Every structure is written in C-alpha cells, then in structure tokens.
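No value in this document is a laboratory result; all are computed from the given coordinates. Given the structure is predicted, the values throughout are model-derived calculations rather than measurements. A quick note on method: Cβ atoms are made from the backbone with ideal geometry, for glycine too, and the neighbour counts reach across all protein chains shown.
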Amino acid sequence: MARTHITAVVNGDETEFLAEDGTSLLNALRDEVGLTGAKEGCGTGDCGACSVMIDEKVTTSCLVFAPEVEGATILTVEGLADSGELHPLQQCFLEGAALQCGICTPGFLIAAKALLDKNPDPTETEIRYALAGNLCRCTGYDKIVRAVQEAAREMRGQ
Amino acid sequence: MAITEENPGYKWVGTRPIRPDGLEKVTGKAQFGADLMLPGMLFGKVVRSPHAHARIVSIDTTAAEAMVGVKAVITGSDFPDLAANGAHASDIDVANNAIAREKVLYEGHVVAAVAATTREQAEAAAKAVEVTYEILPHVLTVDEAMAEGAPLLHEGMITKGVDPAPEEPSNVASKILHERGDLEQGFGEADVVVEREFTTKPVHQGYIEPHAAVADANTDGRAHIWCSSQGHFQMRAYSATVLGVSPGTLKVTAAEIGGGFGGKTVIYLEPLAVRLSQRAGRPVKLVMDRDEVFRATGPTSGTRIRVKMGVSNDGKITAAEVWMAYEAGAYSGSPVGAAGMTAIACYDIPNFVVEGYDVVCNKPRVAAYRAPGAPMAAFAVESVLDDLARDIGMDPIDIRLANAAVEGTQASYGPKFPRIGFVETLEAIKDHPNYTADLGPNQGRGVAAGFWFNAGMMSSATVHINENGTATVVTGSPDIGGSRQSMALMAAEELGIPYESIKAVVADTETVGFNDVTGGSRVTLATGAAVVDACRLIVEDLRARAAKTWDVEVDQVEWVDGQAQHVDGSQPPLSLSDLAAKSGRTGGPISANASLNSRGVGAGFSTQLCDVEVDPETGVTRVVRYLTAQDAGRAISPDYVEGQMQGGVVQGIGWALNEEYIHDQDGVMENPSFLDYRIPVASDLPMIDCAIVEVPNPAHPYGVRGVGEVGIVPPMAAVGNAINDAIDVRMTDLPMSPVRILEALTEQRD
C-alpha cells in the first residue's frame, strides 16, 4: 500500500515520516519517528495514555490518522523537558511520587500541561476534571492531583 | 500519620527520596513491553474464538499463509501435546489456555497466531485463518455450572476434596472446608443472627498496559523473550513448558511493567511469540488490543456467597457459617482456597464452618488479582457484621475490637498469629478526625476490615561495590510499584552510604539468581531480605579487608556510617570508597550474592472508613471522604506504601460501584473497553487519606510485612456499609451501580 509523506514539527524539530492513510498518529510516532513515550492503553480514546498536544490542544493520538497532522506542531512527553531541564510537572511528579508503574505518566503530564497552560491556578476539582480522560490504575489519583497542584504553585512563582 | 512501636533511628529507611526509575518514566524513556523494536522485527496477531464453548473441527491456514508479507502461521498443533506426554494437569491447563487444541472454552480463547511484516498484514492474515467450529452449550456462572445436568467443560473433572470422591464428573473442580467448634451451639448462644446471600461479578485487574511480548529465536533452539510481566523467571518456566524445551534455552528480560495487580503472573503471548519467531526466522512482537485484554486475560472470579453470623448482646461473635462458590473460568484454580482461609481471619470466632467450591465456566481463566479471593468474601462477612452491630446498637469499630484477632489467636485457617497489627488499624481509624466528621444529607459512613497473609517465597539478590564506593543492587523482581526504591533504601541503611550512591536494577534470567513472581506483597519482604543479606555479606567482607589492611583481628573492626573503624580508634577509619579503591590489593572485587526462601511472612490487616453521598433521584453514589489504615510492619518507602494503600482502595471503589463483566446469552463479552468497563477516574474521587500503622514483622530485618494487597479487601463492604448508613438499604450484589441502588430504593418504598 502506498504511504503518505508527512511533515510536522515534533518536539520543536521539523520531522518527516511515512505512514499509511489508516495508521494512527500514535503508531506513526512510535514506529516511524521512534518516540515511544506515548503509550497505547486502549486504542479507542478512553485511557489517555497516548495523549500528545497537537497545535497546543491535548489529543488522544490513537484517534488521529497520521496524515492529519501534516504541517501541525506536536508535543510529546519526550519534548516536555527543556534542554535537559525537567518541566515543573515532571519534577513534581518525581518528588510527589505521583507515579507507580509509570505507563500512564506521559499522558498525565501532557494533559496536566494543557490544563496549566490555560489555567495556571486550577482548583482541585478543575484538576480532577481536566485529568478525567486519563486513566491510572495504580495511584488512586491522590498523588497525581497533589503533584499538579504543586507544579501549578511553582509555575506561578509561589 | 504513622504509629511506630519503636523509633529505631534509621537514616534512610522511612524517607521519601526520588525513585531510581523515576526520571525515565517522566521523560518517556522507560521501555515498557510494547516499546522494543528490533531490526527485521515482524508484527504478530492472535486469532481468537468467537464462541464461548466449541469443538475445533478444523483450522485452514493456507489462505493466510499465501498472503503478502505473512511469514508464519501457527496453531495448537505447532506445540507439543502435553496431555499425550503425561504432563502434570496444571501444566496441561497452562498450555491449553495459551493456545487451544481440541476445544475452545471461552470467547477470546486463542486458536492460532500469525506474523507478518506490518501490523496491517498481520491483522488481515489473522482474519483469513479459517476455523470451523462445532458449537457446544456453555455455562457462564457458578449457578449455571453447578446446576444438575449442566454442560461439562472438562469431561474428566471429578471434584477434589470430597470423600468419597464423586463417581460422576462435574464443573466443580474442588471443595474446601474449614471447621471449628460446634456451629449449632454457637448459634444457640447468639442473641442476634443475620443471614444474607451476596453475589459479585468478575472484575478485571485493569492495568493500563496491555500484555506485550517480543521474541527473537535462534536456529539452535535458544530464544530471547522481552515481556511485561510480574515475574520473568515464571514466564521462562511456563514458556518452556508450553514449548517443550529446557528453561535454560530461554532468556527472559523483564521490560518495565505497566501495571499487573496479579494479572501478569501468567503467560499468554510469550510462547506464541517464540514459536512464530522460530517459524519465521525473525524477531516477532505480539501486543494485545484492549478488547483482547478484557476477553482473554484476568479477570478475578464472579461469586455467590452466603454468610450467617450470630452475636451475643455484648458484641461477641458466637458462630459463623460461610458458603462460597467462585468462578474459575475455563480451567480450575479460582482463589476460593484463599477466600476460605481469609473470610473470617480478622476475628477470633469459636464456632464456624467455611465451605467453598472452585467452579469452572466458559469465561476467561481467572488470574490473581490483589489479595486473590479475599475481597469478595470480606464484602459478604463485613456487611453481615455491620448489620449485627446495628442490630445490637454497637459501634462498628467496637464490635470489631471485641472480636479482633491478636497475637496468639488461633487463626481460622490454622496457625497461631504471631504479633499482628489489626487492633492498631482499628484504633487508628477511631482516633482519626474523619471518624467524627459531620455528615450531610443523604450521606452515610461505613467501616470494614480485611486480612491478607502476604507471601514470602524465593528471592535472590546481588550487590556489587563499584570502584568508587558506590553500589549496584541487582534483583530479579520486576518493579511494579517502586520496589527498586525500597531495595536501595535498605541497602543504603545496611552499607551506610547515601541512597543516591546506590543504583537498584532488575536483571534478566541469566544475570541474577532465581526470583519468584512479584506478587503476594512479597518483594520488599523477601527480595528485600535477600538484599539485606547480601549487604551484610559485603559488610563482613569489608571488615575483613580493613582488618587485613590494619593487620588486626576482624573482631577489632566495626562498620559504622559507611566506614570501617577500629574499636579502640587506633587506626584512621577506612571509608567504603577507600576500601573499594584498594580492592585489588585486599582480595579482588567486592561483591556478594544472597538467595533465600521465605523466613516468615507478616500478616497484613487494613481497616477502612468510607463516607458516601447517595443521590436518591439517580442512584449515583459518590465517595466524599475515605480513610485507610493499614499495618505495613515497617514502611521502608512511605510514599509508595501510601501509593499501594490508595491504589488498592480506589480499585476497590471501582469494584464496589461500577466494574463488572457483562456477557450476552451467547457468552460473548459485551463491554470489553474502558468506555463500557468503567474504572474510576480522577473526577470520581476525593483524596484518599492514609494512616500507615507500623507493627514490625519480627521475621524481617526491618519489620516489613508487605503492603500491596490487603488494601483492596475492605472497600466493597466499607462502601456498602456507608450506603446502608445513608439510605437504609443493604446492597448484597456488586456492583452497587445506580440502577441497582434505584431498584433497591424502589423496593424499599413499596
């Protein structure tokens, strides 16, 4: 089957890759670009483990066809740290023990970043609703919510 | 909050540093099961039965084999026939569950597998495998399976544990029985007796990472497997059995594991990937889709349980009678044995009968799920105990204190308890402000308790001292929830060097001694003890090297704060880095191995307090406040002890309120997705408050008991008891979904 040539900015770099029309962005990122940080937990958009930002909007990459991102700007968990310095969310997840197995962590970090980009001072309820599309089976969410609260405080300079 | 019997003044144990594997997991670098790519790797796809029970008449693979890109197609006949070879029955079941031979026993049962150069080709080829079935009648529940004249899954299954043995086969694999005292006399002494019947549905472990395996086979019979599992040594053993090879021909590397909760202690894909790789001559990756995870892995048993208990007016339980039937799924081995042992283990009851049945049915073979078997039994027993407390007007904590098992109590399952911390968990709940917090309209409060044995089993560890005095701690226990941190903390404490100077890793099956699975809450206990043993060997070695350096007897040397000191201070101390730098002159590299079998487990208890609000219009139950108190023995790594406690509670809340397998009348699962099988999400929940209780396990160098499992035992009853407190309705069927709550409320009004 013929494959489509796609050009997109992935984690700050112009990136070219090939994908069949029916290939998900998730599989293209993992198999073609070599970025395996986004995970497939369900393939149906229900678990959020494959969350990436496409043009600053958090999206489940398993539900996007790869050719749809032609010309788009994509951020995956691999692009969250800046020149080797962790994003405050990454640091707060580490310090707050907000991960156990870690499979859902990339998706949570992206979803939390999308929240804090729009709302730097969210309430606990706002955090819980913003993360409701991301499933975690290990933590019970307690430490994840606290880590996002802490990161928000740090990013506000408090 | 922590209750500590003694403060031993540890420097590292009990602290909250950053976990050793954390950085990789927040940056996307961690390699999970599906992340590995090898040159020339093929993608595999499994062909599964659409029928709950059927005879395989024929499998035609010719069309699939002829398709573009297809490199291998395998069926059951590509594996040795273990039954014909006289193998052990349990091994035959493992093999037949991995790939069916004559019959399929559940929807989703594997019948064939393919490997091709792309995912799309593999999926197309899987669809082109033509299987002809003769459909057989099926049974889905214990009620159907135990009914007179029920269709049989296994024609030769004679119930074990019954004397004399039945002459006719049935779907009942075994019976268990625990008895003490005189039941009739016990109920005669009771002032109040409550009897109820409960049902629970199969629920899935719900790990977010689907099963995945990559195999790379060599032409000489050796093969390398990378997989996500709770025990790569166990994956090696099972795979070798199914493939009919010696375990030593297989090397298994543990990928990072994306959750397991018991469900990744069994094999599904590994032997298939090896055989496909052998046939194709290329590496093969097999990854399950989410619907395959639901249809063919896990879950834990659906059950029917009857409980009758009596109390005297002073709150003493005089008698308990428990009858339970647990679904095993397609092959025997439900956790009814553990259920029978745990059901009333929290309490000292003079007269009881606990009777249980392991029942096969046409659903996926159940796998371990966090304290396997105990949560359903506790739902029933703790609900009845709550009713009894209400009937005699006693506080729910006080009735449990009045009957609590303590050191010296003869456990209902046999042995005498050593020092245990059940009473302390009850007191921790009673002393917490949540216990007296105000409740609003339609809100209610529930208490429940739970017991789990915890396991020991076999572990090995190796500790290497690097040339600059840092250390590498190597174990073979896959780290499912932060155990590498616990290993490093205990090693830091033993060696007297900073936590940051220690790297804890999980090695493959050829690089470290045997380790049993990461399960039974055993890793920090048993693998931790192996790490401590290895560190103590290292310290002995370091003392000997210092003694040699100083030309004194070894008993003149002490190891204090990471350095060798002469007892009379006559020599300048030698630090670990000093000794490491000179190791070539004092006997060579500094390294030690330790292997052990369990030296004594420490039972775990949890008591939990749940506040709910029930909407009488919609039947929706919302958890508004939750407190869990659990005896950790010693919290080596408090962050991850709390994580286990909170995670167990939330899985239990899902089990209580939402989760269930739904099958249609043909035995096909109707909700195999996270959309329709709804696990709790962040917006469903409050913070989960934790009270870590520390009553040290005398059999562990740091007092560890293990914390992974018992937290899931009480929640269903805690939620049910809170619902009862809120709306005066006793829910006896799980899940306590809005529909069931509304039905119960309607019944109450009528």
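The table below gives the values:
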read-out	value
Calculated diffusion of the protein assembly as shown, Stokes-Einstein form, Kirkwood radius summed over Cα pairs, 25 °C and 0.890 mPa s, µm²/s	86 µm²/s
Estimated [θ] at 222 nm from DSSP helical runs (n ≥ 4, -39500 (n - 2.57)) normalised by residues in chain B, nearest 500	-8000 deg cm²/dmol
A:ASP55-A:GLU16 FRET efficiency (beta carbon distance; Förster radius 25 Å; 0.05 resolution)	0.85
Hits among lysines - C-alpha to C-alpha of A:LYS39 under 19 Å, sequence gap 8 or more where chains match	A:LYS57, A:LYS113, B:LYS25, B:LYS29, B:LYS45, B:LYS264, B:LYS285
Difference of contour (0.36 nm per residue) and Cα-Cα distance, B:ASP391 to B:GLU130	87.8 nm
Principal axis dimensions, segment B:635-743 - Cα atoms, whole angstrom, descending	54, 35, 27
Largest-first principal axis extents, alpha carbons of chain B, Å	88, 75, 53
For chain A, the Rg and Dmax computed from alpha carbons only, in angstrom	15.5, 55
Shielding by other protein chains, A:31-39, mean Cβ within 10 Å	4
Average projection area in nm² (convex hull over Cα atoms of segment A:4-79, one quarter of hull surface)	4.1 nm²
Dipole moment magnitude, nearest 20 debye, chain B about Cα centre, only Lys, Arg, Asp, Glu C-beta charged	2320 debye
Whole-number percent relative contact order across chain B, with pairs defined as alpha carbons under 8 Å at least 6 apart	15 percent
Dipole magnitude of segment A:4-79, debye to nearest 20 (Cβ charges: Lys/Arg +1, Asp/Glu -1, about Cα centre)	280 debye
Ordering of A:67-80, B:354-367, B:486-499 by packing [mean C-beta count within 10 Å, highest first]	B:354-367, B:486-499, A:67-80
Residue order, fewest to most beta carbons within 10 Å, for B:LYS251, B:LYS127, B:LYS201, A:LYS39	B:LYS127, B:LYS251, B:LYS201, A:LYS39
Rounded to 10°, Cα long-axis angle of helix A:142-155 versus longest principal axis of chain A	90 degrees
Value of Rg to Rh for segment B:194-329 (Rh from inverse mean 1/r over Cα pairs, i.e. Kirkwood)	1.22
Proximal lysines relative to B:LYS308, as straight alpha-carbon distance under 24 Å, when same-chain residues fewer than 8 apart are discounted	B:LYS175, B:LYS201, B:LYS316
The protein assembly as shown - share of DSSP beta bridges that are antiparallel (%, nearest 5)	75 percent
Cα-based Rg of segment B:62-113 normalised by 2.2 N^0.38 Å, two decimals	1.32
Cβ charges +1 (Lys, Arg) and -1 (Asp, Glu), total dipole of the protein assembly as shown, debye	1780 debye
Candidates per GluC sites (Glu not before Pro) in segment A:91-158, loop by DSSP, up to 10 other Cβ within 10 Å	none
Spatially proximal lysines relative to B:LYS582 (Cα-Cα < 21 Å; intrachain offsets below 8 disregarded)	B:LYS548
Averaged over A:91-97, number of beta-carbon atoms from partner chains that fall within 10 Å	5
Residue among B:ILE59, B:ALA546, A:ALA98 farthest towards the positive dipole end of the protein assembly as shown, charges placed on Cβ	B:ALA546
GluC sites (Glu not before Pro) lying in DSSP loop within segment B:5-46, provided at most 15 other Cβ fall within 10 Å	B:GLU5, B:GLU6
